[in-house]
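**Student:** This structure is in structure tokens; I'll ask about it shortly.
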Amino acid sequence: RAKEEGRNNYQFYRPDMHVRTPEMLIMESNLRRAMSENQLQLYYQPQYDLASRQLIGLEALVRWKHPVHGMISPADFIPLAEDTGLIVPLGQWVMKTACAQAKAWQEQGYAPVRVAVNISAREFRQLDFIDHLDAILSETGLDPHWLELEITESIAMQNFDETIMTLTDLKIRGVHLAIDDFGTGYCSLGYLKRFPISKLKIDQSFVRDINRDSNDAAIATSIIALGRSMHMEVIAEGVEREDQAQLLLAKGCHQAQGFLFSPAVPAEQVVSFFSRAQEKTRGARVIPLPRISA
Ligand code: C2E
Ligand code: MG
Ligand code: MG
Ligand code: MG
């Protein structure tokens, strides 16, 4: 699996390693060191409006550049960080870095876009989660309107009352909320309508074969219809080909991100998307979204 995805072969961590083996303790201390020695870096993946092809957001995705093992995928160390609790300081670092970077881009004069940050259940459940966020927002000076938090369906489904309070606190601040990997979890539609969520992210597993597999197409189309009818934005993840983008647009999907546009890139490279976005904005015709076909 690691090979397929072009990573090195280093077997880092599997979520099924529930027993604390000596090996796992070593991994944990490696990750701790990675944080203190600045081996973590944030990459950003652009998100586009499908109709106008305008840049509308950037998703922050953490990368670990290990001095010996090279690039380690978050899929391999986020589960470890979650199980050991290291996700809390890691997540705070990600949040602070992303907010400071977003503010810096704005101060450099680029047209502001939203920055999306992934939040694990364990971070979201911290009693001081909101206090920490407030501290970061005031420290960096970022207007919360430009921040989007991506949570999963499983977060949304646990501790309903507590979750709704936290989500409402975020919404009051102007923070945008998105449900990541939508369609892969167990989100009850009855609950969904009571959450102040503004965006659904269609999981890439439904997008991959959307032009060939009628079930995937039906699921994606249903998510788009659901989101639109609840006045949410809908973004498709993992869009790699133009035919996927065209089908999604025809079904009424608002936005997309994926290798068709760009993979996640280091902050320095993001600037090239800004200038392109601004060129397109000047005098660009705004194409209305297609009506959704019932
Ligand atoms: P995610 O939030 O669902 O992010 C989307 C993943 O799909 C990213 O993988 C991204 O690089 C990848 N991707 C984007 N476009 C394409 C495409 O066209 N095709 C394919 N095949 N893949 C695409 P990445 O960066 O390896 O991250 C994996 C997961 O790790 C993320 O899934 C997220 O759940 C988690 N993660 C990443 N950064 C953070 C973070 O800072 N905090 C937390 N809590 N989780 C994170
Ligand atoms: Mg995400
Ligand atoms: Mg996702
Ligand atoms: Mg995911």
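The values are calculated or read from the model by the stated rules, or taken from the named source; none is laboratory data. Computed from a predicted structure; not experimentally measured. Cβ coordinates were reconstructed from backbone atoms using ideal geometry, including for glycine residues, and neighbour counts include every protein chain displayed. Heads up: the accessible areas ignore ligands, DNA and RNA and are worked out on the full protein's heavy atoms, side chains in. Shrake-Rupley method; radii C 1.70, N 1.55, O 1.52, S 1.80 Å.
**Student:** Report the FRET efficiency, 1/(1 + (r/R0)^6), for Arg32 and Ala104, where r is their Cβ-Cβ distance and R0 is 35 Å, rounded to 0.05.
**Tutor:** E between Arg32 and Ala104, to the nearest 0.05, is 0.80.
**Student:** Shape call for segment 153-277 from the C-alpha gyration tensor, a ≥ b ≥ c root eigenvalues: rounded (a/c under 1.5), prolate (a/b greater than b/c) or oblate? Don't jump to the answer; show the numbers that get you there.
**Tutor:** On the way: a/c = 2.14, a/b = 1.26, b/c = 1.69.
In terms of gyration-tensor shape, oblate.
**Student:** Summarise the accessible area of the chain (1.4 Å probe, protein heavy atoms) by the percent that is carbon and sulfur. Please list the in-between numbers first.
**Tutor:** Numbers: 7540 of 14250 Å².
Within the chain, the accessible surface is 53 percent carbon and sulfur.
**Student:** Across the chain, how many lysine pairs, 8 or more apart or on two chains, come within less than 21 Å at their alpha-carbon atoms?
**Tutor:** The number of close lysine pairs in the chain is 10.
**Student:** Please calculate how many Å² of accessible area the chain carries per residue, with a 1.4 Å probe and no DNA, RNA or ligand atoms counted. Show your work: numbers first, answer last.
**Tutor:** Values: 14250 Å² over 294 residues.
Normalised by residue count, the accessible surface of the chain is 48 Å².
**Student:** Still on this structure: Tabulate in residue order the Karplus-calculated ³J(HN,Hα) for segment 250-257, using 6.51 cos²θ - 1.76 cosθ + 1.60 with θ = phi - 60°, rounded to whole Hz; enter x for Gly and Pro.
**Tutor:** For segment 250-257, the Karplus curve yields 5, 7, x, 5, 6, 9, 8, 9 Hz.
**Student:** Additional query: Run lengths n ≥ 4 of DSSP H only: what is the helix-derived mean residue ellipticity at 222 nm for the chain, with -39500 (n - 2.57) per run over all residues, to the nearest 500?
**Tutor:** Values: 12 runs with 130 residues, N = 294.
Helix-only estimate at 222 nm: -13500 deg cm²/dmol.
**Student:** Related question: At 1.4 Å probe size, what's the solvent-accessible area of Ser205? Round to the nearest 10 Å².
**Tutor:** 40
**Student:** Between segment 48-120 and segment 194-246, how far is it from one alpha carbon centroid to the other, in angstrom?
**Tutor:** When both Cα centres are located, 22 Å separates them.
**Student:** Please list, in order along segment 94-107, the HN-Hα scalar couplings obtained from phi with the Karplus expression 6.51 cos²θ - 1.76 cosθ + 1.60 (θ = phi - 60°), rounded to whole Hz, x for Gly and Pro.
**Tutor:** With the stated coefficients, segment 94-107 comes to 4, 4, 5, 5, 5, 5, 5, 5, 4, 5, 4, 4, 5, 5 Hz.
**Student:** Further question: What net charge is computed for the residues neighbouring Gln106, neighbours being all others with C-beta under 14 Å from the C-beta of Gln106, Lys and Arg scored +1, Asp and Glu -1?
**Tutor:** Numbers: positive: Lys103, Arg114; negative: Glu107, Asp143.
Once positives and negatives cancel, what remains is 0.
**Student:** Taking the 0 to 90 degree range and rounding to the nearest ten, how far is the long axis of helix 214-229 tilted relative to the main principal axis of the chain, both from C-alpha atoms?
**Tutor:** On a 0 to 90 degree scale, this one is about 80.
**Student:** Using only the alpha carbons of the chain, what is the convex hull's orientation-averaged projected area in square nanometres?
**Tutor:** On the way: hull surface 64.2 nm².
With the hull built on Cα positions only, its mean projection is 16.1 nm².
**Student:** Further, regarding this structure: Would you calculate the convex hull of the Cα atoms in segment 108-188 and tell me its volume per residue in Å³? Walk me through the numbers before you get to the answer.
**Tutor:** Working: hull volume 7.9 nm³, N = 81.
Convex hull volume per residue, Cα atoms: 98 Å³.
**Student:** Considering amide H positions built from the backbone, and no H for Pro or chain starts, which residues 5 or more places from Met71, or on another chain, come under 5 Å of its amide H?
**Tutor:** His66
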